[in-house]
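In what follows, a single structure is set out as structure tokens and then discussed.
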Amino acid sequence: MKFLHAADLHLDRSFEGLTTIPEYFQENLVTANKKMLKNIVDTAITEAVDFILFVGDTFHQNRPTLKTQRYFFQEMARLDEAKIPVFMNFGNHDFYQAERYWFDFPETIQLFDNEQVETKKFVTTMGETVAITSFSYQHSTISDAMIEQFPHKEAVDFQIGMYHGGQMPYAPFQLTELATKGYDYWALGHIHVPQVLLQQPYVVYPGTPQGHTQKETNLAGVTVVESQGNQLIPRNVSVEAIRWEKRTLSLASVRQPRELFPLIRELTADLPTLIHLEFKDTENLGEELAYQVASGELAEVLQEEVPQTIFLWQVTLAERPTERPYLAVDKQLVEQLIATYQAPDIFNELLSDLEQHPQVHYLMDQAFKSTTLAMLNERMTKNYRFRRDADVD
């Protein structure tokens, strides 16, 4: 069995924070959501999945524009032709109101359209029985812990929970509650950053497949889930149509402003990309560079030097590093203190509150402790000067 898990498409959402967009780049923004949806459908067909799960906030609002509805249902018709059914619920952004949809949902789309948990059955072409359990929002919030309504696994080969939310006031749950249901996979939605909360069974937020703000750079795409024996194993497939990136460019070798342009011409992108370009090591160019960056004129000129797949939506200067604070102790003392916290009872006592958190405690194993202490040692060394090395730094 194989299926595709997608969530938080936010069709209709604009790309936020952009100004003075080059005319040649505007078409990329206008068509990005449509292309992203097409990429999802193409992936489903290429992968020959048995079905698709859309786990809430497919639309950015609960009254999708008619234009958005039209291209959504056109893509759903392609899935209908490929005989790939869709199981779909609605989240806090696109909470369901039937009268706002001007096109008929194909019979191959099975909707969870109310705030009561229900289960739909499906049999794959290989004869595997699948139960999919979910609910939808009919309002912008749900304060109830909907997980309490989910039944335990039925007598099927695989049971999947579709759940949009996780925190108040969006259908809160505790991770332990999901694990006790006996399901084979939890398809989550609502959190835009991809996360795997648990691996047995897999509990997965795929994240938004298309970034719409500068913060949405850590994308995994959609999740293709395939059975291996009696387990369901996920992998990620990128489907974004536009990418947000921050790139930092060192100007340490630049002595004259004109030498900046050849470096800019080396910027490339394999798909339309919104780049925040940050310059570091700028001491050689002095205040002139700072002035041209602040005026916005430099960004306009540099835009002419890059390929049309790139829009330099922001050009900034990196903050210059400040001198590390001085601690009037030997570094050896800090190392001894860190070594003290390696004792399990001392380390666990410090983090006892976190240990009680059901969504965190399972992460706090020996590897977590070792990584935490190593990071502490590294940051102390990097961020502070000590008595013996203050004079040579």
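Read-outs: derived from the displayed coordinates by stated rules, not from any lab. Just so it is clear, the structure is predicted and the values come from calculations on it, not from any experiment. Don't worry about glycine lacking a Cβ; one is built from the backbone with ideal geometry, like all the others, and counts go over all protein chains shown.
Please sort 2-8, 74-80, 284-290, 19-25 by packing, taking for each peptide the average over its residues of neighbouring beta carbons within 10 angstrom, highest first. Mind showing how you got there, number by number?
On the way: 2-8: 26.0, 74-80: 16.9, 284-290: 13.4, 19-25: 11.7.
Put in order of decreasing packing, that is 2-8, 74-80, 284-290, 19-25.
Suppose R0 equals 35 Å. What FRET efficiency, 1/(1 + (r/R0)^6) with r the Cβ-Cβ distance, do Leu18 and Asp144 give to the nearest 0.05? Could the numbers behind the result be given before it?
Working: r = 38 Å, r/R0 = 1.09.
E between Leu18 and Asp144, to the nearest 0.05, is 0.40.
Can you bin every Cα-Cα distance in the range 204-286 into 10 Å intervals starting at zero and give me the percent of pairs per bin, rounded to whole numbers?
Using 10 Å bins, I get a P(r) of 15, 31, 23, 17, 9, 4, 0 for the range 204-286.
Could you work out [θ]222 nm for the chain from helices alone, using -39500 (n - 2.57) per DSSP H run of at least four and dividing by all its residues? Round to the nearest 500 deg cm²/dmol.
On the way: 10 runs with 107 residues, N = 393.
Roughly -8000 deg cm²/dmol at 222 nm, from the helical runs in the chain.
Length gain on complete extension for the stretch Phe261 to Glu300, per 0.36 nm per residue less the alpha carbon to alpha carbon distance? Display every interim value, and only then the final one.
Working: separation 39, 0.36 × 39 = 14.04 nm, distance 1.26 nm.
Once the chain is fully extended between Phe261 and Glu300, it gains 12.8 nm.
Can you give the angle from 0 to 90° between the axis of helix 366-383 and the longest principal axis of the chain, with both taken from C-alpha atoms, to the nearest 10?
Compared with the principal axis, the helix lies near 30 degrees.
Sorted by packing (mean other beta-carbon atoms within 10 Å per residue), highest first, where do 271-283, 176-188, 226-238 land? Working shown, then result.
Details: 271-283: 18.0, 176-188: 19.8, 226-238: 14.2.
Descending mean neighbour count gives 176-188, 271-283, 226-238.
With a point put 7 Å past each Cα toward its Cβ, work out how far Gln199 is from Ala343 in nm, to one decimal.
Placing both labels 7 Å along Cα→Cβ, they lie 3.2 nm apart.
If the reach is capped at under 26 angstrom between alpha carbons, list the lysines near Lys331, excluding any in the same chain fewer than eight residues apart.
Those lysines meeting the cut-off are Lys369, Lys382.
Between Glu278 and Glu118, what is the label-point separation in nm under the 7 Å Cα-to-beta-carbon projection?
4.9 nm
Explain nothing, just the number: relative contact order of the chain, from Cα pairs under 8 Å at least 6 residues apart, as a whole percent. Show your work: numbers first, answer last.
On the way: 764 pairs, mean separation 52.9, N = 393.
So the answer I get is 13 percent.
Size of the dipole of the chain about the Cα centre, Lys and Arg at +1 and Asp and Glu at -1 on the beta carbon, nothing else charged, in debye to 20? It would help to have the intermediate numbers written out before the result.
On the way: 33 positive and 55 negative charges, 51 e Å.
The calculation lands at about 240 debye.
How much length, in nm to one decimal, is gained on full extension between Thr371 and Gln336, taken as 0.36 nm per residue of separation minus their Cα-Cα distance?
Working: separation 35, 0.36 × 35 = 12.60 nm, distance 1.71 nm.
Full extension of this stretch gives 10.9 nm more.
Rounded to the nearest 5, what % of DSSP beta bridges with both residues in the chain are antiparallel? Mind dumping the intermediate values first?
Details: 22 of 64 bridges.
Roughly 35 percent of the beta bridges in the chain run antiparallel, per DSSP.
Run a plain Debye calculation on the chain (Cα atoms as equal point scatterers, no solvent) and give log10 I(q)/I(0) at q = 0.09, 0.11, 0.13, 0.15 Å⁻¹, rounded to two decimals, same order as the q list.
Here the Debye-derived log intensity ratios amount to -0.72, -0.95, -1.11, -1.24.
Mind checking which of Tyr71, Gln97, Gln116 is farthest towards the positive end of the range 45-120's charge dipole, using Cβ charges of +1 (Lys, Arg) and -1 (Asp, Glu) about the Cα centre?
The one lying farthest along the dipole's positive direction is Tyr71.
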